[in-house]
Amino acid sequence: MGRTVTLALVTPDGTPLGTTRPYEVESQWWQEVAPVVAGAREEFGIEVTVLRLVAAERPQPHGGAVTYLAEYDGPPLELGPLQENWLTPHPLRMTWAQPGGPAASLRWAGVETGVQQRTWNLSSVWRLDGAWLKEAPPFLRQEPIVVAWLGNRVPELVPGLLKADGGRMLLADVPGTDRYDAEPAEIAAMMEDLFEIQSMAVEHVDELVGLGVPDWRADSFIERVTQAADKYADQLTTQERDELGKLVAGLPERFGNLADCGIPDSLVHGDFHPGNVRSDGVRRVILDWTDSVIGHPALDVRDEPTLNARWCSLWRQRIPGCEPERALELKRPLGSLRGAAVYDAFLQGIEPSERPYHAA
């Protein structure tokens with residue numbers, strides 16, 4: 001499944017030009033724009049920079065017919081009409097989604113051009129010569145903090161941070177491939193890498209919170225989840241509301257029991273899976289710390305028997321007498337609860353036209 005793409009073109013200063021005819025792109029993923037840029041080059045012989053999604057025939061991702069606003073600075077083209085409301089400003093629009101925004105970021109990185117890989121409301125990613133330029137929204141600014149902190153302690157396990165400013169960061173390229181198809185033995189080794197980080201970071205949680213890493217320890221977790229549950233309670237059925245209410249009301253006891261398991265809070269990656277590990281067969285690097293928080297390490301463990309067993313073994317060696325199996329059982333509903341609260345938080349931080357990216 002792919003996409004049928006139409007480009008609504010504007011000049012780098014935002015002057016509207018018009019829309020292209022539709023063309024086909026093999027990749028279905030709305031935020032992956034490298035194929036969109038390559039398709040425009042192949043179909044029309046033009047270079048564009050994608051700014052943002054402005055229309056989609058489907059109410060939720062992915063595929064279908066989509067329209068992107070894109071910058072174009074070249075000879076006149078034969079174009080169709082462009083909807084003026086696509087150009088209406090919004091206070092929550094990301095800087096990289098505005099005309100001139102991508103060029104400003106490239107200048108900050110010290111280059112004039114690069115390969116645009118991804119753009120949506122949660123990130124902008126460009127591949128440069130030997131580096132990656134990444135931007136994050138105001139509500140997800142912890143990654144450069146975490147990468148810089150880890151880079152001073154376990155530099156072999158994280159990408160090199162070349163520079164950072166606000167939501168922008170320039171990361172050194174990491175040789176190898178993203179390990180989506182890793183075998184169980186390699187996945188177990190990845191867990192050992194994460195454990196090395198987390199067992200070290202347990203002594204520094206207050207420092208990391210002070211630096212700006214979000215605090216998702218018990219009290220903060222309960223407060224955030226309670227607020228989100230109350231906010232959406234009227235959208236649930238009576239049964240759903242009752243079940244959620246009992247679960248939320250039981251969180252203080254659950255966290256108390258979790259603490260009794262003897263595994264302390266630490267740095268949580270937040271989206272730990274093989275695709276966020278890159279390796280060349282010699283070195284493994286954990287990527288994408290965008291969702292990192294301070295919380296219970298069990299939040300990073302997927303429900304997979306071999307992985308669970310390795311995680312439990314590592315913590316038992318680190319803290320004799322701890323109860324990692326019980327911790328994993330207690331944490332089962334916590335990932336979904338945290339995910340719902342995080343989802344609500346970033347919906348409040350993006351413009352409404354971008355919400356289809358996150359529809360389910």
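The value of relative contact order for segment 178-357, using C-alpha pairs under 8 Å at least six residues apart, is 31 percent. Less than 5 angstrom separates the built amide H of VAL158 from those of ILE286, all sequence-distant by 5 or more or on a different chain.
With the largest listed first and rounded to whole Å, the semi-axes of the equivalent ellipsoid of segment 1-88 from the Cα gyration tensor are 20, 15, 11.
Over the chain, Cα pairs under 8 Å with separation of 6+ residues give a relative contact order of 16 percent. Think of it as helices only: each DSSP H run of n ≥ 4 in the chain is worth -39500 (n - 2.57), and spread over all residues that comes to -10500 deg cm²/dmol at 222 nm.
Normalised by the number of residues in segment 1-157, the average gap of Cα pairs under 8 Å and 6 or more apart makes the relative contact order 22 percent. Each part reduced to its alpha carbon centroid, segment 9-84 and segment 108-153 end up 23 Å apart.
Among VAL125, VAL154, VAL282, a tally of other beta-carbon atoms within 10 Å of each Cβ gives an order, fewest to most, of VAL282, VAL154, VAL125. What the Cα atoms of the chain give is an Rg and a Dmax of 22.2, 72 Å.
Antiparallel as a % of all DSSP beta bridges within the chain, to the nearest 5? If we restrict to bridges inside the chain, about 80 percent are antiparallel. Segment 178-357 gives an Rg/Rh value of 0.98, both radii derived from C-alpha positions and Rh following Kirkwood.
Since every read-out is calculated from the coordinates, none of them should be taken as a lab result. Values in this document were obtained by computation on a predicted structure and should not be read as measured data. Don't worry about glycine lacking a Cβ; one is built from the backbone with ideal geometry, like all the others, and counts go over all protein chains shown.
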